[in-house]
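Sharing a structure with you now.
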Amino acid sequence: MKVRASLKSLAKREGSIVVRRHGKIFVINKRNPRFKARQG
């Protein structure tokens, strides 16, 4: 899981989903799990 200031480039990848949990924004990619990230 990477912590990034901007998730736009990760969110554009195919198979990725943008999710809000506990007030934080996460990107989860089921097809390629190494593209998991959290903002801020």
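For the chain: of the residues being part of a loop (DSSP other than H, G, I, E, B) and polar (S, T, N, Q), which is nearest to the chain's Cα centre (by Cα)?
So in the chain, the residues part of a loop (DSSP other than H, G, I, E, B) come out as 1, 5-7, 12-15, 22-23, 30-32, 36, 40.
Within this subset, residues satisfying the condition of being polar (S, T, N, Q) are 6, 32.
Details: Ser6: 9, Asn32: 11 Å.
Taking the candidates together, the pick is Ser6.
Report the residue count in the range 2-29 for those that are touching a strand residue (DSSP E or B) at 6+ places or on another chain (Cβ under 7 Å) and farther than 13 Å from Gly40 by Cα.
Matching residues across the range 2-29 total 10.
Every residue in the range 11-39 that is of a type in the set (Gly, Ala, Ser) and surrounded by 10 or more Cβ atoms within 10 Å (Cβ to Cβ), please.
Going through the range 11-39, the residues of a type in the set (Gly, Ala, Ser) turn out to be 11, 15-16, 23, 37.
Hits for the range 11-39 are Ala11, Gly15, Ser16, Ala37.
Any read-out appearing in this document is the output of simple, stated calculations on the displayed coordinates, not a laboratory observation. Worth saying up front: this structure is predicted, and the values here are computed from it rather than measured. Cβ sites come from the backbone with ideal geometry, for glycine too, and all protein chains shown count toward neighbours.
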